[in-house]
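For reference, the structure is listed below as structure tokens.
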Amino acid sequence: MKQTTRCATMVSVLLMAIVAGASTPLRAAALRVGTAMVDITPAEPVRMSGYASRKDLSQGIHDPLSARVIALEAGDERLVLVSTDVLGFYDGTADDFRRAICEKYNLRGEQLFLCATHTHSAPTPSLDPDKGHENNVRYTRQLREKLIDAIGKALEDLAPAKMGVGVGHCPIGSNRRQRVSDSQGDSQIRLGRNPYGPTDKQVIVLKIAAADKPRAILFNYATHATCLGPGNYTISGDVIGLAEQFVEKIYGAGLMAPAFAGASGDIDPWFRVLPKFDEREGWIPEPVLLGTFLGEEVVHVAERVNPSADDVAIASAFACLELPGKAAGTVEAAQDHPPTPLNLTVARIGDVGVVGLGGEVLTEIGMAIKEASPFAHTLIITHCNGTAGYLPPKNLYPEGGYEIQTSRFAPGAAEIVIKRAVEMLHALKP
Ligand SMILES: [Zn+2]
């Protein structure tokens with residue numbers, strides 16, 4: 001995947017904002033929330049994302065793609081969380097979209113979490129006619145306008161609200177780093193299934209109610225949305241999008257269920273890369289089945305949560321970290337290799353910490369941040385505000401495998417990210 005090459009220029013301004021933010025006393029204030037949802041299903045065939053082997057344009061739509069926006073306000077502080085059913089904001093679109101959104105609504109960079117659910121059955125975004133298919137460029141321009149418009153609607157919709165948090169577990173994600181041996185007895189790590197490997201099965205649910213009615217059920221779960229795969233040409237939100245749609249169907253009109261992909265760089269759904277929605281002889285297609293299981297757990301958790309917090313502290317901070325880098329395609333890092341940047345955005349909403357990582361973070365890293373977080377609950381969001389590619393923990397480099405090979409980070413980068421994320425969370429909870 002294409003990545004950013006250096007910290008964007010708006011970042012130096014944002015780094016100063018961290019210092020200012022950290023020294024400001026954090027006061028709780030009345031919570032106000034606004035929501036908006038917009039259909040982003042492509043209107044014409046598009047080139048799809050995530051697999052270099054998939055060259056043709058999409059053929060038909062199984063289920064709609066959406067962008068879901070939650071705007072939160074407490075006192076003078078705002079936070080805008082955007083969940084988008086696309087692979088990621090690649091090809092410079094993260095910086096471009098963020099700049100346009102922040103300018104239009106006078107947001108500081110750390111107040112915006114622009115996130116992708118990482119469905120591999122969605123268009124590849126691009127604003128560059130030399131790189132993207134003309135249909136994709138047209139789609140991406142419309143996507144930018146739709147997101148700007150939806151964020152405006154969510155901000156206009158701000159009204160008194162209450163929130164509550166619950167935690168469940170869902171087994172649909174599995175560690176995918178499988179050790180495979182050949183006839184000579186040599187072994188290597190392949191993309192497969194490794195049920196013995198670390199997998200974060202936590203489902204964190206944030207339930208928001210206004211006028212005593214549930215308005216939004218946000219959930220955070222770590223899996224790739226890759227049940228379909230390179231052989232699939234049908235547009236779909238895959239397991240994550242199908243879970244969002246399940247929750248919205250159960251609760252009915254007026255409720256929105258945005259998903260935020262957790263640290264899932266090495267996590268795939270148990271069924272992976274099946275090209276079709278197979279319905280023969282009453283069979284439930286695997287993406288629908290797994291999406292339903294995840295959606296069921298979200299509903300199950302949400303039913304037990306009674307939103308009662310109406311006075312919360314909101315705060316956020318941003319840093320672009322210049323981390324030890326290496327070339328993609330190698331395992332060893334050259335001594336003089338330039339650093340690889342990664343955008344790190346953290347926030348608090350009452351006693352909920354939020355960590356947005358601008359890359360594809362392996363699950364061990366998310367689990368380590370959660371473990372050391374000073375907050376009762378911490379959402380880990382990957383594919384947020386940037387696309388720096390795979391970030392593996394140091395101990396996996398000697399094993400090799402796809403995520404290590406393609407990573408642009410050298411061993412030790414992940415450990416710096418964990419330390420900084422935890423420090424930034426602590427600074428928001430003095
Ligand atoms: Zn991925």
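Below, the figures for the structure above:
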item	result
Theoretical ellipticity at 222 nm over the chain - DSSP helices of four or more residues, -39500 (n - 2.57) apiece, nearest 500	-8500 deg cm²/dmol
Peptides 419-425, 217-223 ordered by average Cβ neighbours within 10 Å, highest first	217-223, 419-425
Flagged links, alpha-carbon separation over 18 Å, of K213/K249; K201/K419; K201/K429	K201/K419; K201/K429
Over the range 10-427, relative contact order from alpha-carbon pairs under 8 Å, at least 6 apart, %	18 percent
Three semi-axes of the equivalent ellipsoid, the chain, Cα gyration tensor, whole Å, largest first	30, 26, 22
Fewest-first sequence of L396, L65, L114 by Cβ atoms within 10 Å of each Cβ	L396, L65, L114
Ranked packing of 140-149, 54-63, most packed first, by mean Cβ within 10 Å	140-149, 54-63
Radius of gyration, Dmax [the range 99-164; alpha carbons; angstrom]	14.8, 47
All lysines inside 21 Å of K276 as judged from Cα atoms, apart from same-chain residues fewer than 8 positions distant	K55
Nearest-20 debye value, the range 10-427 charge dipole, Cβ charges on Lys, Arg, Asp, Glu	220 debye
Protection proxy ranking of 264-270, 157-163, 71-77 - average other beta-carbon atoms within 10 Å, highest first	264-270, 71-77, 157-163
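Bear in mind that the values in this text are calculations on the coordinates, not laboratory data. What you see is a predicted model, and the numbers here were worked out from it, not measured in a lab. Reconstructed Cβ throughout: ideal geometry from the backbone, glycine too, with neighbour counts over all protein chains shown.
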